Amino acid sequence: MPALSARGQNLSLAKRLQPTLLLAVVLFLSLHFFLGFSSLVRESATFDEPAHIAAGYAILAFREFSLLDQPKNIPCMWTALPLLTYPPFLLEMKQSGGQKKINALTVGKTLLDRDYSNTGKMLAQCRAMFLLAGIALALVVFVCSRSLFGNKGALLSLAAYALCPTILAHARLATTEIYVALFFTLSAILIPKAMERPRPWLLGLTSLVITCLLLSNASGILVLPLYFLLSAWWLFAAQNTGLHETGKRERTAKMARRALRPVFTACILTSLVVMLLWAFHGFRFDPRSPAMEHGTLEAPELTDNSPPSARLPERGLSGLAIAALRAAHQKHLLPHAFLSGIYRVVIMSGAGRPSFMNGEYTNGHWAYFPYSFLVKTSLGVLLLLFLAAEAAACSWRTIPWRAMAPGAMFFTVYTAASLLTKINIGHRHILPLYPFLLIFIGLLGSPYIRYKGFHKAAGWIAVALLAAESLLCWPHYLAFFNAAAGGPSQGYRRLVDSSLDWGQDLPALSRWLAEHQDGAPVYLSYFGNAEPSCHGIQAEKLVGFLPWPDADVKDPVPPASLLPGTYCVSATMLHQIYSPFFGKWTPGYEEQYQTLSKFMKKFERVYALSKETPGDLEQVYLAGGGKENLAGFVDMYNKARFARLCAWLRQGEPFASAGYSILIYKLDRAALEAALFGPPPREA
C-alpha cells in the first residue's frame, strides 16, 4: 500500500470538514488579532516606530526617500497609509524638509506628538496596518502547512502562530520584522516553483515578492545565497527525473538544459527586480523629492565615517560587498536610497553594536541569537518543536522531505547569517525563522508519522501550555521570557534593548505612578523617543538615550543634586549599553568619576560666588575652556554619576517595574549616599 498523502485524504470527508475547518481558521485569526490589538493600544511608541511612520508618509505624500536609513519602503509606506487622512501634516513635512538635514526621528516625533490627545489614535491606526500583515503571514503559514501535512497539521501550525508571544510582540508594531518574515517565506515557496515552471505570471509574481523583500529590510539581500542553495537543491532533486528512459546523449543534453534553467531564471528575475526597484523609487537615483525644499541637503556618498580602528578591512566578503556597492553607486545601477541602506548595514554588521546577554557585555557574539531563541521562545513552542523533531526521526522514511527542503534551505542561510552578524540588538532579527518552525510543527498532525495518537495529543497539550503562557503575558509580549529563564520579571537580567525594552512602557509607568503617589521626587531615565509628558509623567530628568526636549541650554550650570525619591530606569539604561561607561563598573571608571566629581565641586563653588556678577561668570566659562568645553564636562559628569548609580542598583532588586522594561527603585538618603559616595560597586 502506498504511503498516505496529505492530499490523498477522502474527498467527501474533506468536504464535510470544510465548514468546521473554516470556522477554526477564523477563530484562531480573530484570537490573534484580538490579542495583538488589545495589547498595542496599551503601549507607547517603540524606538523605531516614529521614524518608520515619518519615512513612509514622506514616500506616500512626496516620493521623498531621504528619510530612510535602510531600504524599508514597503513596511513604512503600508503603516503610514492612515496618515494620508491628516492633511495638516503636509505643511509640517515641507517645513521639516527645509532644514539642512532631514531627520526621520524628529519628523516622526512631530507627527505623533503634535496633538497629544490624538497620538494614541494615530499610533493605533498605523500599528493596526501591521496586524493585517501578520494575518497575511498567518494564512501563508496555514496554507503551507496544509499542503504538507493536511488539515490537522495546518490547524496546529495556525494555533501555534496565533498564540506565539514572539509573533504577537512584533506583528502589532510599526517596524519591519513581520514583513521580512512574510516575504522571505513567500520567496522560499515561489523561487523553486519559478525554476520548475518559469511561466511569465510566476516569474512576475516571484520578482515582485523578491523586490518587496529587498524593500522591507537590508537582510533581504540574503535572498542571493538562498537562491544559490535552492538552485543546487533543485538540480540535485531533478537530476534523475525522466532520464532513465533516454540514451546517454539525450540524457546529457537534458541535464545541460536543466543546469541552465536556474541561470535563465536568475537572469529574468534579476532584470525584473532591478526594474521594480527603480519603479518603486520613481525611476530617480536622487532620494530627494522636487516637492521638498531641501536647502543644501545632498545625497551623501557611500563612505565609512566610523573611526579608523572600527572600519572594516577592504578584504573578504565584507570588503567585496563594499566595493560592489560603491561601484553600483558610481554607475547609478540602482537607486541611491537602496544602495546607501544596504551599505550602512554592511558597515554596522562588521563593526558591531554594544549588547548585553545574561550578565555579559559584548560587541557582538555568535551565541546571542541561539541564547535569545531559548529564553524568548515560549516553552509551548519549544515542546512542539521537540515533539515534531522526535516524530520526524521516528518516521523519517515517510516524511515529505523534498517538499520541506526549501524551508530547510532558508533556515540554513538565515541561521548562518545570524551567527555571523555582530548586530546583536534584539531577538526580533530572527523573527523570519519562526514561520518555518511553526510550519514544521504541523508535522505532528500529519498522516505521515507513527504513533499518531500520542503525538497529536501531546501537540495539543503543548498548544494549551502555549495559550496559558500567551494569556499570562498579555499585554507585555515584547517583554516575554519563558519560565525557564525566570519569566518577564527577570528579563532585564537576560537581555535588553528591543528584546525587552524598546520604549513601550510609558503608559504602564504613568499608571503605576498615579497609584503610588507619595510626594517624593520622581526621576526618570528613559530608553526611547516617545514623549513622557504625553502620558502624564512629570519627572526629573536623568541621563537618557536621547536628550530631553529642553536639554539644550545656552549656558552650562552645575548639575543638580540627586534627592531621595522614586527612580524609574529603563532596563537598557540600567545596563549602560549605549554609554561611555559601557559594561561593568571598573576601577578606570571609578577614577574618571572621582576626577569629574572634584572638578564639579570646584565649579559649583566658583559658580555660586560669581552668578550674581555676569562678568565674573564669563571668566568662569573662559577658565573652563569655553562654554562648549565646560558643557561637555558637565554632561560627562552627569553620565558618570548616573553610571555609578546604575552599577549600584544592579547589585540589588527593583522595588517594582512598569511593564517589566522600566525598573522602579525607592532610594532614601542613605541609599543615595552609598550609591554615589560610598565604596565603588563591585560587580562579579
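The values are calculated or read from the model by the stated rules, or taken from the named source; none is laboratory data. All values reported here derive from a predicted model rather than from experimental measurement. Reconstructed Cβ throughout: ideal geometry from the backbone, glycine too, with neighbour counts over all protein chains shown. Heads up: the accessible areas ignore ligands, DNA and RNA and are worked out on the full protein's heavy atoms, side chains in. Shrake-Rupley method; radii C 1.70, N 1.55, O 1.52, S 1.80 Å.
Laid out as a table, the results:
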{"quantity": "Within the range 430-461, backbone nitrogen closer than 15 Å to the virtual label 7 Å beyond the Cα of PHE386 toward Cβ", "calculated": "455, 458-461"}
{"quantity": "Loop sites in the range 317-404: chymotrypsin sites (Phe, Trp or Tyr not before Pro), DSSP, at most 16 other Cβ within 10 Å", "calculated": "TRP366, TRP396"}
{"quantity": "Per residue accessible area of the range 322-414, 1.4 Å probe, in Å²", "calculated": "43"}
{"quantity": "If the convex hull is drawn through the Cα atoms of the range 402-504, its volume per residue in Å³", "calculated": "125"}
{"quantity": "LEU139-PHE283 FRET efficiency (beta carbon distance; Förster radius 56 Å; 0.05 resolution)", "calculated": "0.95"}
{"quantity": "Spin-label zone in the range 652-678 - amide nitrogen under 12 Å from a point set 7 Å from the Cα of ALA520 along the C-beta vector", "calculated": "655-656, 664-672"}
{"quantity": "Modelled FRET efficiency - R0 60 Å, SER271 with ARG682, Cβ distances, 0.05 increments", "calculated": "0.45"}
{"quantity": "Net charge of neighbours whose Cβ lies under 13 Å from the Cβ of LEU230, counting Lys and Arg as +1 and Asp and Glu as -1", "calculated": "+2"}
{"quantity": "Cα-Cα over 23 Å, subset of LYS601/LYS639; LYS541/LYS666; LYS422/LYS584; LYS121/LYS376; LYS584/LYS639", "calculated": "LYS121/LYS376"}
{"quantity": "Label-point separation in nm, ALA328 to PHE582, each point 7 Å along Cα→Cβ", "calculated": "2.8"}
{"quantity": "Calculated FRET efficiency for the pair ARG511/THR412, C-beta based, R₀ 51 Å, to 0.05", "calculated": "0.70"}
{"quantity": "Neighbour net charge for PHE28 - beta-carbon separation under 15 angstrom, K R +1, D E -1", "calculated": "+2"}
